[in-house]
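**Q** One structure, as structure tokens, below. Some questions next.
Bear in mind that the values in this text are calculations on the coordinates, not laboratory data. Because the structure is predicted, anything quoted here is derived from the model rather than measured. Cβ coordinates were reconstructed from backbone atoms using ideal geometry, including for glycine residues, and neighbour counts include every protein chain displayed.
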Amino acid sequence: NEPLLILGIDTSCDDTGVGVVALQPGGQVEVRANRIWSQTVHAAYGGVMPELASREHVERIDAVMQDALEEAGIGVADLGAVAATSGPGLVGALLVGLMYGKGLAQGLGIPFYAAHHLEGHIFAAAGEAELQPPYLALVVSGGHTHLFDVVREGEYRLIGATRDDAAGEAFDKIARLSGLGYPGGPAIAEAARRGNPKGVTFKEPMTGQSGYDFSFSGLKTAALLAHRAGAGGEDLAASFQAVAVKHLLKVTLRAAHDLGRRTVVVSGGVAANQALREAFGASGLRAVFPGKGLNTDNGAMIALAGAAAIRAGREPGGLADGATAYAP
Ligand code: KG4
Ligand code: ZN
């Protein structure tokens with residue numbers, strides 16, 4: 001009746017993430033470790049440099065893995081399975097974690113599972129509450145604004161996505177143009193606490209649609225114009241945050257209503273936003289959020305995706321692009 005200990009690795013972008021999750025015989029999951037090395041070498045370039053990211057992963061991955069094993073209080077021989085992100089992401093960066101994980105599993109003689117990065121974000125909240133499909137999953141990060149209908153274990157239907165910028169990208173860009181700094185999400189959230197959410201008038205995006213897509217580029221342009229017209233950073237932050245949260249919630253509520261879903265998992269970097277958490281919490285849906293350190297990219301969420309694959313009886317392995325578990 002020992003739990004199965006699953007190591008999860010994510011090196012899809014500029015964070016080296018390694019986590020450990022315990023999968024109980026009854027199916028419950030628990031995060032035992034979650035260690036992240038965030039690369040800073042890219043700051044000087046104003047964007048992530050793929051070649052540098054790959055090299056940093058190679059340099060750091062052993063240490064992050066040792067930290068994770070220590071945090072979990074286990075040795076490498078205690079592991080029962082390994083999962084790693086196989087896509088999407090920067091190819092060179094992904095391959096570091098993917099091949100490290102595959103080699104480790106091979107050496108230990110334990111199964112290896114390829115995980116889709118978004119599957120990781122979806123399951124990041126699995127340690128917080130019992131999640132029984134069907135439910136909705138909204139992944140809102142710097143690279144994604146994706147709404148999934150999780151029909152059953154292992155089957156995700158992409159029902160909506162951003163037509164242009166990701167939600168986090170809009171937070172980052174608006175923070176930059178109003179001089180609030182980087183990363184934009186936390187900076188906007190902080191400034192918004194002192195601003196008036198009605199100080200700047202933003203038109204809610206995509207109000208005419210019947211589907212479940214999102215759009216953030218119009219808000220970005222409106223923010224730029226308001227800034228040029230002299231709007232203060234705090235009012236701009238508060239007003240933008242309010243309309244962004246409203247837009248995310250309204251589309252999600254429409255999907256929940258149409259599909260008859262009662263539960264929504266909200267994850268990704270933007271899910272750390274307090275105003276968003278409050279709005280979804282008060283929406284009438286059962287809103288489930290990842291625990292601390294599990295919103296942004298990390299290894300534990302990939303271990304949780306591995307646990308879900310094992311629970312669903314999926315064969316070990318998986319395509320190099322992680323497409324096994326992802327049907328857009
Ligand atoms: O998931 P993540 O770490 O990386 C990607 O895969 O993109 O998400 C990072 C994004 C950034 O755009 C950041 O500004 C945003 O999440 N973010 C937030 C908050 N914390 C991070 N956005 C709004 N409010 C926050 N508190
Ligand atoms: Zn991500």
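**Q** Please quote Rg/Rh for the chain to two decimal places, taking the Kirkwood radius as Rh and restricting both calculations to Cα atoms.
**A** 0.98
**Q** Go through 292-302, 146-156 and give me the packing order, highest mean Cβ count within 10 Å leading.
**A** Listed from highest to lowest mean packing, they are 292-302, 146-156.
**Q** With n ≥ 4 as the cut-off for DSSP H runs, can you work out [θ] at 222 nm for the chain, using -39500 (n - 2.57) per run divided by the number of residues, rounded to the nearest 500?
**A** -12500 deg cm²/dmol
**Q** Work out, in µm²/s and without decimals, the Stokes-Einstein translational diffusion coefficient of segment 135-288 at 10 °C, 1.306 mPa s, Rh from Kirkwood over C-alpha pairs.
**A** 103
**Q** Between GLN24 and ASP67, what is the label-to-label distance in nm when each label sits 7 Å out along the Cα-to-Cβ direction?
**A** With each label placed 7 Å out from Cα toward Cβ, I get 2.9 nm.
**Q** Another question, then. Let me check I've understood the local charge: for ASN298, count other residues with C-beta under 10 angstrom from its C-beta, Lys and Arg +1, Asp and Glu -1. What total comes out?
**A** Once positives and negatives cancel, what remains is -2.
**Q** Taking the Cα centre of each part, how many Å lie between segment 246-316 and segment 68-112?
**A** Using only Cα atoms to place each centre, the spacing works out to 24 Å.
**Q** Which cross-chain or sequence-distant (5 or more) residues have an amide H under 5 Å from the amide H of PHE216, H modelled 1.01 Å from N in plane?
**A** Here ARG163, ASP164, ASP165 satisfy the definition.
**Q** In whole percent, what relative contact order does segment 135-288 give with Cα contacts below 8 Å and a gap of six or more residues?
**A** Numbers: 296 pairs, mean separation 43.5, N = 154.
Averaging sequence separation for qualifying contacts and normalising by length gives 28 percent for segment 135-288.
**Q** Hey, can you rank 272-285, 242-255 by average C-beta count inside 10 Å, highest first?
**A** Final packing ranking: 242-255, 272-285.
**Q** Please work out whether segment 48-93 counts as rounded, prolate or oblate from its C-alpha gyration tensor, where a ≥ b ≥ c are the square roots of the eigenvalues and a/c under 1.5 means rounded, while otherwise a/b larger than b/c means prolate and anything else oblate?
**A** oblate
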